[in-house]
Structure formats: C-alpha cells, structure tokens
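Novice: After the structure tokens below, expect a handful of questions from me.
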Amino acid sequence: MIKGSSIRARRPVILQVLPALGTGGLERGAVEIAAAIQKAGGEAVVAAHPGALLVQLHHAGADYVELDLRKKSLWTVLRGARALERIIREYGVDVVHARSRIPAWAAWLACRRTGTPMITTWHGTHNATWWGKRLYNSVLVRGTRVIAISRYIAGRMVEEYGVSSEKLRIIPRGADPVRFDPAVVSGERIQNLASAWDLPHGARVILMPARLTRWKGQGVLVEALARLRRLLPSGWVCVFIGPETDTNFASWLGKRVTALELRNWVRFAGTCSDMAAAYALADVVVAPSLRPEPFGRTVVEAQLMGKPVVGTAQGAMMETILPDETGVVVPPYDEEALAVVLERLLTTEADTLAYLAENARAHVLRDYTTRKMQAATLGVYDEVLGTALRQKFEGECLGR
C-alpha cells in the first residue's frame, strides 16, 4: 500500500537488496543510488554478498548488511526472507528496492509479512520459454512501482507481463560525466595503457569493452577484423577489454585469432581499472552483441568520452546510439557490415569524427547521466513514501 503524500519528518530508510556487490551495472547502480539517498538526507541500507564495490558503498555512507542471495533455490528465498524481515524491523525500513529475481522473491515475502512497500528494477532481458520461468521472472513486476532500465525492457514488460502505466517507470542507467570527461584524462594515463597493451605507435585503436562471453559478440568482431585486414591492411589494432567469464569461449577466441593470423592486430587486455583512459585511447568503440542488450552502459560511457560507437540494431542500443549522429548500428552476426563500418570510421575525416564526438557527449549529457538516473529513482521513492528526496538531492547537487 502506498503511504500518504505528506512529507514525513523522520529520515526515510531505504533498503536495496541484490545478490552481491560485484562490478556489474546492477551493482554500480545500487551503490550510486545509495549515495544519492544519503545525499538527499535519507538512510541507505544495502543487503548483499560482499564484493569489489563494498568499499565504494561504505564511502557513500550507506549501511551494509551481509546477506547471500546468490544461489537460485527455494531454500535461499526462504532463508533470505527471514533475514530481510529482521533487517526491515531492525532498521525501520520504509521501502525495499529489489534488483534481481531471487532477492526480489525473498523481499516480496518479507514485505508481505511486515507490510513494507517493495519497488523492483528489471535489469536483464530474462526470457521465458516455459511457464515456470515466466513465474520466476514475474516477481520483478510485483512491486508497488516497477522500474525498467530502457524503453526496450519496458516494452517487453508491458507486452509479456501486462505491467500497467501506473506502476511502470522507465529510468535508464547513467554514466558519470565527471569521471568520463576527455578534458580530465591526462596524456600520462593514456600512455600507460598504450605501453601496457604494447600498441604500435600511431595505430588507430578499435576497442571492445565487455566480458569474454559468446553473446557479447567478440567472435563476430574477430571475423570482421579478418575482413578489415583486406580492406585496411595496416595502421590499426583491436583491444579486447574484459574478464574471461567463459573460459571455454576465451580459449576458442584466442585460437580463432591465431587461425586468422590476427595476432599482430589483436590484444587481449583483461580487466582495465582506468576505463576513461581506455576510451580516450580508442578511435572507435564496438559493442557487437548477438542478442538485445537491456541497456549497454559501455556504449554510453564511450559516447561521454566523445568516441563513435558501433552497436547492433536491436534492444536498447537503438535508444543509446543515434545512427550516423553519435555512432552506427549494424545487424547482429553481420561480420561483413561490421568490417565495412570499421574501415569507414578508421579512415574518415577529422571533421566528421569531431561532429560525432560533439553529438555523442551532448546526447549522453542530455539523457543518460548518473545524476539524472539518481534523481529519477529518488522520485519513485517519493511517490511511494510521500517524501521529498528528489528535491533535496537536486538542491544538494546545485549547491555544490
């Protein structure tokens, strides 16, 4: 039940629940929202398994409760529900924000027992090929408010789960224009990466930032690079950034690079701790995903750095990329089209690249900043709780 509209005097307590504090977009979004809650005068609590972002969560001033909701099992849900009920009562939680399916099932049970409203965010594509999977997914539309991270995801929620416009809110993920600003990335940072990756002097750089897993499209890009060699035999190199989450695929990819005689043109850089410098070093950023992306944060970050991006014509990339204004989209699995576009971008005139760069950064500043995402999410909390968190947050931001 939605609480009244009067602004309450007590600090609202907002509990976010997610599987773990890893380094993905879901986890980063939770930390960013925790920081916004604190800045707006609320109290942020996060329940999750510990991970790399725990330090950032503490830095944001949020309270952290260790809770392991990673395993997909009924026991995890029931155990998690009991733990969340205790957390809700101990902290005086006013609203629970669940960001993944198992945590959402546990939160749904705990919220029913305590009478606490629940908000959910649908982060992934979450296909359902049979009724059991559909039921499993359906918890993400059971919130008092349901947040979709793109218009693409919102459309699927309406079509497949009948989510009403009264409940549904579209809040895209954001990127930080302060961190991802070409003006603040020093030449030393760029040179450090160029040296670490053993890049030839003066070579144009194609960058693909994504974990090494088949559906992200590294295999398609490698085949496109072989075709690019025929169109543009020299003067470029491709760098793959990302952890090897699928070791079998990573092994196959390395063998394919060797078979295509691309070793001199390809670098596997692993995880990169300075993504702003990586984007600054790149001439073009590629995201050749084989299936629709629910959002695609790296595409937004690259555009903030003024880089042309190449994505696939499906999913949320049709929102985050403005074709021929901030980048290019090609059909998924189309190696030939990708090679042609890369050759065009690597040989295009400086004035055209400057036009793309200016449009790209302006596009993200208008629609996809972290602050915009934070403010919109606080606005959803306000709808449910009758608070003024968004107003206070925006006032704090303007006051700085």
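The values are calculated or read from the model by the stated rules, or taken from the named source; none is laboratory data. This is a predicted model, so every value here is computed, not measured. Here the Cβ is made from the backbone with ideal geometry for all residues, glycine too, and neighbour counts use every protein chain on show. These accessible areas exclude ligands, DNA and RNA; they are computed on the full protein's heavy atoms, side chains included. Shrake-Rupley method; radii C 1.70, N 1.55, O 1.52, S 1.80 Å.
Novice: Checking the condition open to solvent by 10 Å² or more (accessible area, probe 1.4 Å), of a type in the set (D, E, K, R) and assigned to a helix (DSSP H, G or I), which residue from Arg70, Arg79 passes?
Specialist: Result: Arg79 is the single residue among Arg70, Arg79 that is open to solvent by 10 Å² or more (accessible area, probe 1.4 Å), of a type in the set (D, E, K, R) and assigned to a helix (DSSP H, G or I).
Novice: Only one residue in Ala98, Ala110, Ala104 is touching an Asp or Glu at 6+ places or on another chain (Cβ under 6 Å), buried (at least 23 other Cβ atoms within 10 Å of the Cβ) and either within 28 Å of Gly386 (Cα to Cα) or modelled with pLDDT under 95 (or both). Which one?
Specialist: Ala110
Novice: As an exercise: evaluate Arg371 against (1) touching a Cys at 6+ places or on another chain (Cβ under 8 Å); (2) open to solvent by less than 60 Å² (accessible area, probe 1.4 Å) and give the number of the one condition it does not meet.
Specialist: Arg371 satisfies every listed condition except (2).
Novice: (1) at negative phi; (2) open to solvent by less than 70 Å² (accessible area, probe 1.4 Å): which one isn't true of Thr23, the others all being true?
Specialist: (2)
Novice: Restricting to the range 362-400, name every residue that is among the polar types (S, T, N, Q) and not in a helix (DSSP H, G or I).
Specialist: The answer is Thr369, Thr387.
Novice: List every residue pair whose Cβ atoms lie under 7 Å apart, where the two residues are 6 or more positions apart in sequence or sit on different chains, the first residue falls within the range 362-382 and is over 14 Å from Ala34 (Cα atoms) and free of Cβ contacts under 8 Å to residues at least 60 places away in the same chain, and the second residue, located anywhere, is of a type in the set (A, V, I, L, M, F, W, C) and in a helix (DSSP H, G or I).
Specialist: Hits for this filter: Asp382/Leu389.
Novice: Could you give every pair whose Cβ atoms fall below 6 Å, whose first residue belongs to the range 335-347 and is closer than 15 Å to Val309 by Cβ, and whose second residue is assigned to a helix (DSSP H, G or I), counting only separations of at least 6 or pairs across chains?
Specialist: The qualifying pairs are Leu338/Ala224; Leu342/Leu228.
Novice: Counting only residues that are basic (Lys, Arg), open to solvent by 50 Å² or more (accessible area, probe 1.4 Å) and closer than 23 Å to Gln303 by Cα, which one in the range 186-231 is farthest from the chain's Cα centre (by Cα)?
Specialist: Arg204
Novice: Anything in the range 248-280 that is part of a helix (DSSP H, G or I), without any contact (Cβ under 8 Å) to a residue 60 or more places away in the chain and open to solvent by less than 40 Å² (accessible area, probe 1.4 Å)? List them, or say none.
Specialist: Phe249, Ala250, Leu253, Gly254, Val257
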